[in-house]
Amino acid sequence: MSITPHDERFMAAAIRLSRQHLGRTATNPSVGCLIVKDGAIVGRAVTALGGRPHAEPQALAEAGELARGATAYVTLEPCSHHGKTPPCAEALIAYGVARVVISVTDPDPRVSGRGIAMLRDAGIEVDAGVLEAEGRHSLAAYLTRQTKNRPYVTLKLAVSADGMIGRQGAGQVAITGPEARAQVQALRAETDAILVGIGTAISDDPLLTVRTPGLEAYSPVRIVLDPNLALPLASKLVATARDVPVIVVASEEISPLGSEADGTPPTGLADIQSRRTALEAAGVEIVYCNPYHPEVLLPALATRGISSLLVEGGAKTARLFLDAGLVDRIQLYQAPLVIGEGGIESPLRATDIPSGFAHRGTSLYGADRLDEYEREN
């Protein structure tokens with residue numbers, strides 16, 4: 001059966017549905033599923049919070065007997081392996097679905113192509129690749145972790161009219177207006193982790209949580225690049241570490257095992273040990289991995305189930321990820337505010353976006369402009 005505008009319309013709806021739980025399904029992808037019969041939606045679902053149950057069995061249960069002979073629209077190939085839940089392909093077969101339309105084939109080697117084969121072997125018609133570009137965009141975090149063994153990285157910058165991202169010694173500076181800041185809160189809520197450098201953590205004393213009413217529980221894991229464990233014990237991050245996880249990425253040289261090779265203790269070992277003990281007592285997790293080699297750090301984060309990472313500051317940290325070629329998406333907010341003397345220059349402006357990035361769109365939030373760029377690969 002050839003793909004029709006009818007198929008694309010329902011798949012677009014499934015993709016929109018899948019975005020509802022982005023960043024909230026643990027290591028599982030947020031998948032959307034619609035069950036359609038005689039042109040009407042009789043069942044719909046998105047992967048549940050925490051990752052289970054999957055979208056397909058929920059949508060099938062809602063459709064009930066109406067699923068027999070219906071078409072299922074799924075944003076990701078139904079799983080075919082027995083994990084903590086039975087295979088979704090088996091559920092589709094059991095409910096008597098006549099056709100399955102898929103946006104993206106799953107790169108997970110336990111699934112890839114096997115889910116489709118299982119369905120076809122059961123006599124179900126399968127069409128894949130419907131609105132694939134849109135489907136891949138909604139599944140970007142999951143696909144990046146599966147294929148590149150690292151999280152999908154978004155770099156967010158708010159730049160003043162004179163090209164600054166802050167002011168020396170001024171702490172946090174509100175460059176954008178309330179509408180843009182609300183949009184950033186929504187971005188945090190659909191992201192697994194947020195990362196800043198120690199300079200930003202000290203100068204701004206940020207909280208890095210989601211403050212939108214009703215979404216506070218979806219605050220991302222907070223990560224600080226802190227080679228020498230300089231994060232102040234009185235900081236907001238440390239004070240809230242038991243409420244929202246905080247990971248400090250410290251240099252391997254100061255790890256408890258860092259000096260064993262040559263028997264030479266690092267300078268200030270006693271002070272470092274004291275800070276380590278205090279941070280851990282406050283609930284902060286310390287990971288020993290070179291903070292300034294993101295090509296090593298990102299796979300380590302992926303092993304912890306982190307599929308999406310938001311890099312928020314500051315200039316040095318942004319440049320670190322850009323220079324390493326490990327930024328997948330850039331969100332560049334431009335505001336009419338002028339910082340003036342003492343400004344901290346942005347590592348990036350709209351006029352010098354790195355090669356290999358395509359402009360994906362412009363949005364206006366109050367007086368601020370958001371331009372979004374995505375890596376082309």
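The values are calculated or read from the model by the stated rules, or taken from the named source; none is laboratory data. Just so we're clear, the structure is a prediction, and the values are computed from it rather than from any experiment. With ideal geometry, Cβ positions are generated from the backbone for all residues, glycine too; neighbour counts draw on all protein chains shown. Note: areas computed on protein heavy atoms with side chains; ligands, DNA, RNA excluded. Shrake-Rupley method; radii C 1.70, N 1.55, O 1.52, S 1.80 Å.
Work out how much length Ala182 to Ala117 would gain on full extension: take 0.36 nm times their residue separation and subtract the Cα-Cα distance, in nm to one decimal. Don't skip to the answer; put the middle values down first.
Values: separation 65, 0.36 × 65 = 23.40 nm, distance 4.41 nm.
Length gained between Ala182 and Ala117: 19.0 nm.
For the range 281-360, what value does the Rg/Rh ratio take when both radii are computed over Cα atoms and Rh is the Kirkwood radius, given to two decimals?
Numbers: Rg = 15.5 Å, Rh = 15.2 Å.
Answer for the range 281-360: 1.02.
State the percentage of accessible surface on the range 160-225 attributable to carbon and sulfur atoms; use a 1.4 Å probe and exclude ligands, DNA and RNA. Before the final figure, lay out the partial values.
Numbers: 1380 of 2630 Å².
With neighbouring chains kept in place, the figure for the range 160-225 is 53 percent.
Ordering Asp323, Asp106, Asp204 by accessible area with a probe of 1.4 Å, largest first, what comes out?
Values: Asp323 110, Asp106 10, Asp204 45 Å².
Result, largest first: Asp323, Asp204, Asp106.
Just Leu66, Leu269, Leu195 to compare: in a GNM of the chain, with alpha carbon springs under 10 Å, which one fluctuates most?
Comparing Leu66, Leu269, Leu195 in a Gaussian network model of the chain, the most mobile one is Leu269.
Excluding ligands and nucleic acids, what accessible area in Å² is computed for Glu179 using a 1.4 Å probe, to the nearest 10?
Solvent-accessible area, nearest 10 Å²: 90 Å².
If each residue of separation counts as 0.36 nm, what is the full-extension length gain between Tyr292 and Thr212 once their alpha-carbon separation is subtracted?
Values: separation 80, 0.36 × 80 = 28.80 nm, distance 3.17 nm.
Stretched fully, the Tyr292-Thr212 segment lengthens by 25.6 nm.
On the full set of protein chains, 1.4 Å probe, figure out the accessible area of Glu56 and give it in Å² to the nearest 10.
10
With a probe of 1.4 Å, find how much accessible area the chain has per residue, and write the answer as a whole number in Å². Could you put the intermediate results ahead of the total?
Details: 16540 Å² over 377 residues.
Here the per-residue accessible area is 44 Å².
How do 6-16, 306-316 rank on mean C-beta neighbours within 10 Å, highest first? Before the final figure, lay out each step's value.
On the way: 6-16: 18.5, 306-316: 23.9.
Highest to lowest by the protection proxy: 306-316, 6-16.
Using the C-alpha gyration tensor of the range 237-377, what are the square roots of 5 times its eigenvalues, in whole angstrom, with the largest one first?
On the way: eigenvalues 247, 67, 52 Å².
Value: 35, 18, 16 Å, ordered largest first.
Among DSSP beta bridges lying fully in the chain, give the percent that are antiparallel, nearest 5. Could you put the intermediate results ahead of the total?
Working: 27 of 63 bridges.
If I count the DSSP bridges inside the chain, around 45 percent turn out antiparallel.
Pairing the Cα long axis of helix 178-189 with the longest principal axis of the chain, what angle in degrees results, from 0 to 90 and rounded to the nearest 10?
Its long axis makes an angle of about 70 degrees.
Along the Cα→Cβ direction, 7 angstrom out, place labels at Ala239 and Gln172. What is the inter-label distance in nm?
1.2
For the range 94-140, taking Cα atoms only, what is the radius of gyration to one decimal and the Dmax to the nearest whole Å?
11.4, 31
With an 8 Å Cα cut-off and a minimum separation of 6 or more residues, compute the relative contact order for the range 71-180 in percent.
Working: 140 pairs, mean separation 23.4, N = 110.
Relative contact order for the range 71-180 comes out at 21 percent.
So how much slack lies between Ala350 and Lys316, counting 0.36 nm per residue of separation and subtracting their Cα-Cα distance, in nm?
Values: separation 34, 0.36 × 34 = 12.24 nm, distance 1.79 nm.
Answer, rounded to one decimal: 10.4 nm.
If you fit an axis through the alpha-carbon atoms of helix 5-18 and take the longest principal axis of the Cα set of the chain, what angle between them do you get, 0 to 90°, nearest 10?
It is inclined by approximately 40 degrees.
Measure off, as a whole percent, the carbon and sulfur share of the 1.4 Å-probe accessible area of the range 45-125, all protein chains present. Each step should come with its number before you reach the end.
Working: 1770 of 3300 Å².
The nonpolar share, carbon plus sulfur, comes to 54 percent.
Can you tell me the relative contact order of the chain? Whole percent, Cα pairs under 8 Å, sequence separation 6 or more. Walk me through the numbers before you get to the answer.
On the way: 797 pairs, mean separation 60.4, N = 377.
Averaging sequence separation for qualifying contacts and normalising by length gives 16 percent for the chain.
Cα atoms only, the chain: Rg and Dmax in Å?
For the chain, the Cα radius of gyration and maximum Cα-Cα distance read 23.1, 75 Å.
Taking just the C-alpha trace of the range 323-377, give me its Rg and Dmax in Å.
Just the Cα atoms of the range 323-377 yield Rg and Dmax of 12.7, 40 Å.
To make sure I understand the rule: partners must be aspartates and glutamates, Cα under 18 Å from the Cα of Lys236, and not fewer than 8 residues away in the same chain. Which ones qualify?
Straight-line reach from Lys236, under 18 Å: Asp204, Asp205, Glu216, Asp226, Glu280, Glu285, Glu312.
What distance in nm lies between label points placed 7 Å from Cα along the C-beta direction at Ala161 and Val338?
Between Ala161 and Val338, the label points sit 0.6 nm apart.
Measure nothing fancy, just the Cα-based angle from helix 269-281's long axis to the longest principal axis of the chain, in degrees from 0 to 90, nearest 10.
The angle comes out at about 40 degrees.
Which FRET efficiency, nearest 0.05, do Thr4 and Ser363 yield, Cβ-Cβ r, R0 35 Å?
On the way: r = 31 Å, r/R0 = 0.88.
In this case the efficiency is close to 0.70.
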